[in-house]
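For reference, the structure is listed below as structure tokens.
The values are calculated or read from the model by the stated rules, or taken from the named source; none is laboratory data. This is a predicted model, so every value here is computed, not measured. Cβ coordinates were reconstructed from backbone atoms using ideal geometry, including for glycine residues, and neighbour counts include every protein chain displayed. The area values use the complete protein model at the heavy-atom level, side chains included, leaving out ligands, DNA and RNA. Shrake-Rupley method; radii C 1.70, N 1.55, O 1.52, S 1.80 Å.
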Amino acid sequence: MSHPPVPPDLTEMIAAFPLEGRLVAGGPYGSGHINETYAVVMAADAGPRRYIFQKVNHRIFQNVPALMENVRRVTAHVAGKVRAAEGAAAARRALTLVPARDGRTFAQDAGGGFWRVYDLIEGANTVDRVETEAQARVAARAFGDFQAQLADLPGGRLHETIPNFHHTRSRFEALRRAAAEDRAGRGAEVRAEIDFAFAREADADRLLTLLARGEISERVTHNDTKINNVMLDDVTGRAVAVIDLDTVMPGLPLYDFGEMVRTSASSTFEDDPAPANMHLRLPLFRALVEGYLGSAVGGVLNATERAHLGFAGQLMTYENGLRFLTDYLQGDTYYKIKHPRHNLERCRTQFALVRSIEEAQAAMTAIVAACAAR
Ligand code: ADP
Ligand code: GN1
Ligand code: MG
């Protein structure tokens, strides 16, 4: 089989890691909005070996060594937990970092870019959209179990890799500033979206107020619980490992659950150009609640947290809409875009989901109550 040529910066980085065998192929992989991900195939004596190479976006993650320190601690801790529970079969149940030749968790290229390598988890895949209730249940359980695994992470508080990441008030203020500055001259075009966001300002503070009052508490959370951040077994469909650990840091469990609702209980892609296609799918919401309450963290959630599972989905969808709109107003400096209106389309479709979740609050409350009573 012939392969396209391996990009030159990737070839340079492959030499920085002590990989077994001869380079066969390497090329772009996955569909994230932030980092660059590549799969690399090596021909080793025992057969082909595949690795994941990632160039971490250091414009967004401003302290990559600190981030990698988090990743090292988290992967080691989770690997220890799954090994204790499952023995040798646990090798693919956690991300495994491949250290660089100098022993560090990353290597730098000539341009100062940061690269890391993981063993590619074989026999598993990610999906960009949830197709079935079983997938939603499995993903929610996996992210809940992941939070529980990290409850006793030793070594003190993790670094905040992006300060105020899910601080919705800060996200709201960033939008207010971007709208006032109107750097890209797009303000007039998005008046309706700005009005939509401003009308919901009070929502930005709801969880922060509960946190300040001590009614809910901080834990180590994942903070980016999109369905494509959990690897699913090719054969059984069961969760294999939680991946994409760049934003693992102190946060609220409700942020993680809310982000699952946004991405796994929605009717279409986050950037569907037709907002009318977007609505909440209650059977998938029920599956998420079942998976999450049935996970190892389910029993730890208090009544206030359980009561806000539906609102969490609304809040995270609102927050992502704020962020897409802010990026559009600032001239698309944060997310990768495929066309000039991409961030605007993402925002409109997120706000359509916010509306749908608002209308479904009573139904969601009933679902949570029914699941919690079981
Ligand atoms: P991003 O921050 O860009 O979303 P991810 O770490 O989620 O980056 O990686 C992007 C995609 O690459 C994932 O959705 C998954 O399909 C694939 N991937 C990442 N790490 C691995 C791994 N260790 N094994 C197999 N596939 C992986
Ligand atoms: C980004 O890296 P990726 O594509 O998994 C973003 C998330 C957003 C998401 C929207 C570090 O996630 O916060 O919810 O896009 N990650 C970062 O799709 O900003
Ligand atoms: Mg990802």
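How would you order 160-166, 100-106 from highest to lowest mean count of nearby Cβ atoms within 10 Å?
Going from most to least packed, we get 160-166, 100-106.
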Inset, instruction - Could you give the size of the charge dipole of the chain about its Cα centre, using +1 on the Cβ of each K and R and -1 on the Cβ of each D and E, expressed in debye and rounded to the nearest 20? - result: 300
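Using a Förster distance of 41 angstrom, determine the FRET efficiency expected from the C-beta separation of Asp109 and Ala46, and round it to 0.05.
Using R0 = 41 Å, I get an efficiency of 0.90.
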Legend entry - Debye intensity ratio in log₁₀ form over the Cα atoms of the range 8-122, taken at each q of 0.17, 0.18 Å⁻¹: -0.89, -0.99
Inset, instruction - Sort out for me the Cα centre separation of the range 288-317 from the range 152-217, rounded to whole Å. - result: 20
Inset, instruction - Mind pulling the angle between the C-alpha long axis of helix 309-329 and the longest principal axis of the chain? Nearest 10 degrees, somewhere in 0 to 90. - result: 80
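Which of the peptides 63-73, 181-191, 125-135, 281-291 is most tightly packed, and how do the rest follow, judged by the mean count of other Cβ atoms within 10 Å per residue?
281-291, 63-73, 125-135, 181-191
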Legend entry - Cα-based helix-to-principal-axis angle, 133-149 vs the chain, degrees rounded to 10: 70
Inset, instruction - Grab the other residues whose beta carbon is less than 12 angstrom from that of Arg183, score K and R as +1, D and E as -1, and report the net. - result: -2
Legend entry - For the range 255-374: rounded, prolate or oblate by the Cα gyration tensor [a/c cutoff 1.5]: prolate
Inset, instruction - Please work out the average accessible area per residue across the chain, using the 1.4 Å probe convention, and give it in Å². - result: 43
Inset, instruction - Tabulate in residue order the Karplus-calculated ³J(HN,Hα) for the range 278-284, using 6.51 cos²θ - 1.76 cosθ + 1.60 with θ = phi - 60°, rounded to whole Hz; enter x for Gly and Pro. - result: 9, 7, 6, 9, 4, x, 6
Inset, instruction - Scan around Thr268 for amide H atoms under 5 Å from its own, H built in the peptide plane at 1.01 Å from N, and keep only partners 5 or more places away or cross-chain. - result: His279
Legend entry - Cα-based Kirkwood hydrodynamic radius, the chain, one decimal, Å: 21.6
Legend entry - On Cα atoms only, tilt of 253-264 relative to the major axis of the chain in degrees: 90
Legend entry - Computed over the chain: relative contact order in percent, which uses C-alpha pairs under 8 Å that are six or more apart: 17
Legend entry - Carbon plus sulfur fraction of accessible area for the chain, probe 1.4 Å, in percent: 53
Legend entry - Inter-site label distance for Ser31 and Tyr335 at 7 Å from Cα along Cβ, in nm: 1.3
Legend entry - Reachable lysines from Lys336, criterion Cα separation under 19 angstrom, eight or more residues apart if same chain: Lys55, Lys226
Inset, instruction - Quick one: what are the phi-derived ³J(HN,Hα) couplings along the range 211-222, Karplus 6.51/-1.76/1.60 with θ = phi - 60°, whole Hz, x for glycine and proline? - result: 5, 4, 7, x, 7, 9, 10, 6, 9, 7, 10, 7
Legend entry - Built amide H within the under 5 Å cut-off of Ala296, gap 5+: Asp145
Legend entry - Neighbourhood charge, 10 Å Cβ-Cβ cut-off, centred on Gly30 and excluding it, Lys, Arg +1 and Asp, Glu -1: -3
Inset, instruction - Would you please give the FRET efficiency between Asn277 and Phe198, computed as 1/(1 + (r/R0)^6) with r the Cβ-Cβ distance and R0 = 30 Å, to the nearest 0.05? - result: 0.75
